1. Given a Förster radius of 22 Å and the C-beta distance between A143 and K98 as r, what FRET efficiency does 1/(1 + (r/R0)^6) yield to the nearest 0.05?
2. Evaluate the charge dipole of the chain about its Cα centre and quote only its size in Debye, nearest 20, assuming +1 on the Cβ of each Lys and Arg and -1 on the Cβ of each Asp and Glu.
3. If you average the alpha carbon positions of the stretch 26-40 and of the stretch 80-149, how far apart do those two centres end up, in angstrom?
4. Taking 0.36 nm per residue of separation and subtracting the Cα-Cα distance, what length does fully extending S75 through K113 add?
5. Stokes-Einstein diffusion coefficient for the stretch 2-147 at 4 °C in a medium of 1.567 mPa s, Rh from the Kirkwood formula over Cα pairs: what value in µm²/s?
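What follows is calculated from the coordinates using simple rules that are stated; it is not laboratory data. Just so we're clear, the structure is a prediction, and the values are computed from it rather than from any experiment. We place every Cβ from the backbone using ideal geometry, glycine too, and count neighbours over all the protein chains shown.
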Amino acid sequence: MLLVFESHVDNSEKLINTLKERGARAIFDETKAYGTNHVLMALYHTDLAFKNKSNFADDFSLEYLIRLSGEKQISKALKFGIKNGFNRIGIIVDEEKKEDIISILGTPIKPGKYDKDFIIEYFEITDINNQKETEKGIYEKIALLNTKL
């Protein structure tokens, strides 16, 4: 399940560790995802990578950032993680752990508010208003991860 929160983060590393201890499978900057389909596509490919033992990272959350970003290079994938300061925090969590996450971050908000400029620049999108083509470009980048040297 996807939960999204708006929060000011003082220590992102500490928060990430706490959220993982409470059951968060993946933690990311929700503004870097082009909607729920992008989030779910990255989750699918992360699960598949672990199932097929083709994951690049041992940590599920880091592997998720790799898949969300479509990049093996950790420094690029980390652009999709949360930072100190104000964040829209996206969290992938199993239903039974949902309340543990809410007890830390408060009431979830509606997902889907992406950073248009970031998406255009990072994924080299020419027409962000064409959802089908934008998603196709992002999904291809994610799917091609396993073919890159």
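1. Values: r = 29 Å, r/R0 = 1.33.
With R0 = 22 Å, the Cβ-Cβ based efficiency is 0.15.
2. Values: 22 positive and 24 negative charges, 45 e Å.
Using only the charged Cβ atoms, the result is roughly 220 debye.
3. 2
4. Working: separation 38, 0.36 × 38 = 13.68 nm, distance 2.34 nm.
The span from S75 to K113 would gain 11.3 nm if fully extended.
5. Numbers: Rh = 15.3 Å.
In µm²/s, the coefficient is 85.
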